[in-house]
1. Among residues other than residue 118 whose Cβ falls under 14 Å from its Cβ, what is the net charge (Lys/Arg +1, Asp/Glu -1)?
2. Of the listed peptides 157-165, 106-114, 19-27, what is their order by residue-averaged count of other C-beta atoms within 10 Å, with the highest listed first?
3. Which distance in nm do the two modelled labels at residue 89 and residue 56 give, with both placed 7 Å along the Cα-to-Cβ direction?
4. Could you compute the FRET efficiency for residue 115 and residue 165, with r as their C-beta to C-beta distance and R0 at 45 Å, rounded to 0.05?
5. Any chance you could look up the accessible area of residue 185 with a 1.4 Å probe, heavy atoms only, rounded to 10 Å²?
6. Computed FRET efficiency, Cβ-Cβ of residue 66 and residue 30, R0 35 Å: what is it to the nearest 0.05?
7. What does the extension gain come out to for residue 20 and residue 40, with contour length at 0.36 nm per residue minus their alpha carbon separation?
8. Once phi is turned into ³J(HN,Hα) by the Karplus curve 6.51 cos²θ - 1.76 cosθ + 1.60 with θ = phi - 60°, what whole-Hz value does each residue of segment 118-134 show in order, with x for glycine and proline?
Amino acid sequence: MSAGLVVIVVANGFSSIGAVRALEDVALGIIVAAALTALVAFVAVRIAGWRDPESESEFEEIVRHSEQLAREGLAYDPDESSFLELDPLDDDDFEELVRDALDDLPDLLRNALSHVAVVISDGGRRERAYGLYQGDGAGGSSIGRGNAHDRIVIFRDTLRRDFGHDPELLREQVVRTVRHELAHHVGFDELGVGRLDL
């Protein structure tokens, strides 16, 4: 209806009758607003660089590239920067750091953890450590341990004490500690773990 009224106005000019003139003004305003909205949307899409893939093969290439980034752990994670907002003194946030460290492990190492409990403890001061591996190793026997389960202990108290002032540094040290203790599980002694720079 607005478009029809604008065509009539363009063809015949504005009406001299007050009510009709007001209706013509409203119709013209709607058309101008719609045109401006379409222009803004077009410019925004162009600035963002969005476009439809030109062909099916280009679309398939985009999908392959996205899958490769995801496999290599290079895809952008919307929560990736959330660690900067973590409160090192909050137990839930610390648990999230440990979960992230486990999730970031390569598949082969993550599979080695399938029967290993990962626990968080505040006994690090007593142990004078950031982490501890207890068990016989991924391929070891149960000599001296009976049927006790393998486990990795992450000591929250010492990690917070030494790295809690910097959330990013704390995250890096949690990852390092998880990998250090996992290296013990797969068979490395302290010397071997040291060679891995863990």
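1. Numbers: positive: 99, 110, 151, 156, 179; negative: 95, 96, 100, 103, 104, 150, 181.
That sum, taken over residues with Cβ under 14 Å, equals -2.
2. Result, highest mean Cβ count within 10 Å first: 157-165, 19-27, 106-114.
3. In this crude label model, residue 89 to residue 56 measures out at 6.1 nm.
4. 0.80
5. Result for residue 185: roughly 10 Å² accessible.
6. Values: r = 41 Å, r/R0 = 1.17.
So the FRET efficiency works out to roughly 0.30.
7. Here the segment from residue 20 to residue 40 would lengthen by 4.2 nm.
8. Each residue of segment 118-134 in turn: 10, 10, 10, 9, 9, x, x, 5, 5, 7, 6, 8, 9, x, 8, 9, 10 Hz.
The values are calculated or read from the model by the stated rules, or taken from the named source; none is laboratory data. All values derive from a computational prediction rather than experimental measurement. As a convention, Cβ positions derive from the backbone with ideal geometry for all residues, glycine included, and neighbour counts pool all protein chains shown. The accessibility values were calculated without ligands, DNA or RNA, using every heavy atom of the protein model including side chains. Shrake-Rupley method; radii C 1.70, N 1.55, O 1.52, S 1.80 Å.
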